[in-house]
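Each remark here refers to the structure printed beneath this line.
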Amino acid sequence: MKKLLTIIAIASLFVSCIKTKGDISMTYDKAQAIYGDLDSLRSLPFLIQKQPLENPKSFFISRDYILVGERNKGIHIYDNIDMQNPQRMSFIQIPHNREFYVKDNFLYAETLYDFIKIDITDVYNPVLVSRAENVFWETQYNDKGQALIGFHFDRVTESFEINSPEAKAIKKEGKLFLDYKKNVIPESLIPTSFTGVYATGKGTLNRISVDYDHIYVISDKKLHVIQDGNVITKVNEKNISAGSETIYTANNRIYIGSTTDMAILNANNPSNPTRISSLEHTESCDPVLPYGNVAYYTLRSVANEGCNDIGENTLNVVDLSNEHEPTVLESIELDSPYGMTMVMNYLLVGQGANGLTIFNAVNPSQIVEVMHVNNVEAFDVMLHPLHSNIIIVSNSTGLQQFQVNWNTLQFTPLGQIVYN
């Protein structure tokens, strides 16, 4: 009995040492809601004079111009007729834009709560084709009827009750979104463009894809399906893996890369894509490039980019001959793989500061490394739409164009766009 009392006393002492009440000091990103006139933002003119290049993100290369996204503000237009000396000309104003996609002569972009389609047949005279309002979230208002249009962020240290909703939210997200009453707004109710979720540009690092007369947009856990045409309309929304980052469409299939898997969806009914299978992997950042009966996906493990720092750094070759059970044929160790492109039977893989690696992909399922370019910093890689011997890469300082001799694999630098 004495022994039992001793055990109870020790257990009681242990429980009493777990602090469940009182205050805790926490450092976090405090986001205070900004409200304004949503109709005025929606009616802003698209084309304005050129703006400073301050916070660039995605990019797109066309036959004679380059588009560079300016985070939260819109898109810079560069004249690229002289590839040795691209010139910033004008600016397409799209409030709170983080992602855009170009197909044919149309630009597709998310903006605030909406998704828009713009005719850029004349890129210096952009014309709105259609706007689908509240595609991602319903508009939130304050007590004066003004719409939530953004947040002001401050890094602060404050005290909270240990188990308060505020403390729980900060522990989970590292930030706190507050409405006009200073009440916490769950991050699930906030448009992605407000929360800071984004990815780099076109190529294999997209969050938007346009195919099968539909527009597909991924957020963290959702695939938004929008009917394309003269009037764009949201027609569906599908649950996908948490941490979804990239999307690629090909051959009536949708490939989605997340931090934990590569998913394949059947788009034979493009308005209602259905999941075929998924291939799980260690927690890493994951772009996907399908190519015939195989798919390539890279896994990158970098802690300060939101990826797990104990994961893989590999290029993986996946057999899709049985897409219900995709299997990894080979995993190739790399340093820091990012985006990819296929050119002239060569697979080019950007490795950021670690260069550009080139594989011979004549046999797509058995690729062979043929060259590594150390003096080229490359994150995403894109082929020029008209010139198969011109590629453009994104790097930490901007965009760099190269002329490539595919017989000798000689890279000749052309003009570049340097970020301020």
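What 222 nm value per residue comes from the helices of the chain, counting each DSSP H run with n ≥ 4 as -39,500 (n - 2.57) and dividing by all residues, nearest 500 deg cm²/dmol? Please list the in-between numbers first.
Working: 4 runs with 33 residues, N = 420.
The per-residue figure over the chain is -2000 deg cm²/dmol.
Using a 10 Å cut-off around each Cβ, can you sort 175, 168 from fewest to most neighbouring Cβ atoms?
Values: 175 17, 168 13.
In increasing order of surrounding Cβ atoms, one gets 168, 175.
For residue 172, list the aspartates and glutamates whose Cα falls under 17 Å from its own Cα; do not include residues on the same chain fewer than 8 positions away.
Here the aspartates and glutamates satisfying the reach criterion relative to residue 172 are 29, 158, 161, 187, 220.
Treating the angle as unsigned and between 0 and 90°, give the value, to the nearest 10°, between the Cα long axis of helix 2-16 and the longest Cα principal axis of the chain.
50
For the chain, calculate the relative contact order in percent as a whole number, restricting contacts to Cα pairs under 8 Å that are 6 or more residues apart.
On the way: 1019 pairs, mean separation 45.4, N = 420.
Dividing the mean separation by the residue count of the chain yields 11 percent.
Return 178, 41 ranked ascending by Cβ neighbour count within 10 Å, so the fewest neighbours appear first. All intermediate terms of the calculation are to be shown ahead of the outcome.
Numbers: 178 15, 41 18.
In order of increasing Cβ crowding within 10 Å: 178, 41.
Given the options 338, 180, 35, state which has the largest fluctuation in a GNM of the chain using a 10 Å cut-off (strictly under) for Cα springs.
It is 180.
Tally the DSSP beta bridges in the chain and give the antiparallel ones as a percent, rounded to 5.
Values: 129 of 133 bridges.
So the antiparallel bridges amount to about 95 percent of the total.
For a 30 Å ceiling on Cα separation, which of these pairs sit above it: 117/222; 21/175; 57/181; 103/234; 73/234; 182/221? Could the numbers behind the result be given before it?
Values: 117/222 20 Å; 21/175 22 Å; 57/181 33 Å; 103/234 19 Å; 73/234 24 Å; 182/221 27 Å.
Flagged as over cut-off: 57/181.
Under a no-solvent Debye model with one identical scatterer per Cα of the chain, what's log10 I(q)/I(0) at q = 0.11, 0.12, 0.13, 0.15 Å⁻¹?
Those come out to -0.89, -1.04, -1.19, -1.51, one per q.
Using a 10 Å cut-off around each Cβ, can you sort 282, 274, 357, 341 from fewest to most neighbouring Cβ atoms? Present the calculation step by step, with values, prior to reporting the outcome.
Numbers: 282 14, 274 11, 357 23, 341 19.
Neighbour counts put them in this order, fewest first: 274, 282, 341, 357.
Taking only the alpha-carbon atoms of region 100-170, what semi-axes of the equivalent ellipsoid follow from 5 times the gyration tensor eigenvalues under a square root, in whole Å, largest first? Let's see the in-between values first.
Numbers: eigenvalues 293, 45, 26 Å².
Three semi-axes, in Å: 38, 15, 11.
Based on the Cβ-Cβ distance from residue 159 to residue 134, what FRET efficiency comes out when R0 is 35 Å, to the nearest 0.05? Write out the running numbers ahead of the final one.
Working: r = 37 Å, r/R0 = 1.06.
Computed FRET efficiency for residue 159 and residue 134: 0.40.
Please compute one quarter of the surface area of the Cα convex hull for region 275-420 and express it in square nanometres.
Values: hull surface 38.2 nm².
Averaged projected area of region 275-420's Cα convex hull equals 9.5 nm².
In whole angstrom, how far apart do the alpha carbon centroids of region 107-132 and region 33-87 sit?
Cα centroid of region 107-132 versus Cα centroid of region 33-87: 12 Å apart.
By a straight-distance test (C-alpha under 13 Å), which aspartates and glutamates pair with residue 50 as possible cross-link partners, with residues fewer than eight away in the same chain excluded?
70, 79
Every number here is computed from the coordinates shown, using simple stated rules; none is lab data. Keep in mind that what you see is a predicted model, and the values were worked out from it rather than measured. Note that each Cβ is placed from the backbone with ideal geometry, even for glycine, and that neighbours are counted across all protein chains shown.
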